[in-house]
1. So for the chain, taking the charge dipole from beta-carbon charges (+1 Lys/Arg, -1 Asp/Glu), which of 262, 53, 195 sits furthest toward the positive end?
2. Which trypsin sites (Lys or Arg not before Pro) from region 119-200 combine a DSSP loop assignment with at most 15 other Cβ atoms within 10 Å?
3. Within region 1-16, what residues put their amide N at less than 18 Å from the label point 7 Å along the Cα-to-Cβ vector of residue 79?
4. Rounded, prolate or oblate: pick one for region 162-256, where a ≥ b ≥ c are the square roots of the eigenvalues of its C-alpha gyration tensor, a/c under 1.5 means rounded, and failing that, prolate if a/b is larger than b/c, else oblate.
5. Compute the longest continuous run of the chain that contains no exposed GluC sites (Glu not before Pro); treat a site as exposed when its DSSP state is not H, G, I, E or B and it has at most 15 other Cβ atoms within 10 Å.
6. Candidates (i) 154; (ii) 174; (iii) 134; which is the computed volume of the Cα convex hull per residue in Å³?
7. Which distance in Å, rounded to a whole number, links the C-alpha centroids of region 21-46 and region 110-174?
8. Using unit Cβ charges (K, R positive; D, E negative) and no other charged atoms, how large, in debye to the nearest 20, is the dipole of the chain about its Cα centre?
Amino acid sequence: MRTRHIEIFRAAHRTGSLTKAAEWLCISQPAASKLLAHAEASLGFRLLDRVKGRLQLTREGEALVPAVERMYRELEEIKRLSRSLRANPQGQLKLGCIPTLGLKVLPRTLAATQQANPGVTLELTTAHSEQLAQALLTREMSMAVVFNPRPYPGLKAIEVGSIELVCVDGTNARTPVALDQLDPARVIALPAEDPLGTLVQTLLPEQNSAFKVQTYYVACALAQSGAGVAIIDELTAQALLEPDQHARALLPSVRISVAVLVHEAAVLSVLETQVLDRLRAVLQARD
């Protein structure tokens, strides 16, 4: 039986009238009659007989009633659960981010999300962008927050904000520094495949440092030690610099975008949308 057949059967046996069944389903009486006839023809037996002006169940129709009512109870449970999820999402959300965004941005985002949804379990993994992209493709997580992602087949990026880049040069100066004043030979190199490394290479194409590192943390630590100059995001600088140490703003100002990677076919849940909105709010509050 098709869903529409089940609807007309239930409405007709409950009301005892095709006219009332049609009103129940918001269709015309001829359409209801035709629908019931089609249901009986497809089954090969009658569901209802007219007795003294009222529709009454046949033996076969009576046998179907418990299964039909069970189906409707389950549908009502689905509706109740849907309403509950809309009002108060539950379950588990697995997401990832690059280590830098795991310092303050994601903790603040997830703390606010969990406070608003006490029944939710949130699992955060930190890794490099390429590892996060692979985890998304294998469905190990549903969202990943990264810097300026390159195009990944099978994934889409949702931009949510940006972070300012700063210069750490070990001088402890507070004054801004112009990019063209930096010695490219002293700018510590980050991996070419890293979004921040790619951006720095674009800003300083003649960059040829004796130091090449894998993480922003090590670049910052080397710069603090006087081994060179690190161009990194402000979050990493704030996390690693001592209270009496300072990073220098760049002239002109340079920002790197923050984006959420999801599967290209993903339809965001209510909870995922909440995380996205709170992430935007946390990033905007920094500006």
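FYI, it's all coordinate maths here, none of it is from the lab. Predicted, not measured: the structure shown is a model, and the values here were computed from it. Cβ: placed from backbone, ideal geometry, glycine included. Neighbour counts: every protein chain shown.
1. Farthest towards the positive pole: 53.
2. Loop-located and lightly packed - 139, 174.
3. The answer is 3-15.
4. Rounded, since a/c falls under 1.5.
5. With a cap of 15 other Cβ atoms within 10 Å, the longest stretch comes to 1-139.
6. Answer label, from the structure shown: (ii).
7. Rounded to whole Å, the Cα centres lie 54 Å apart.
8. In debye, rounded to 20, the chain gives about 1960.
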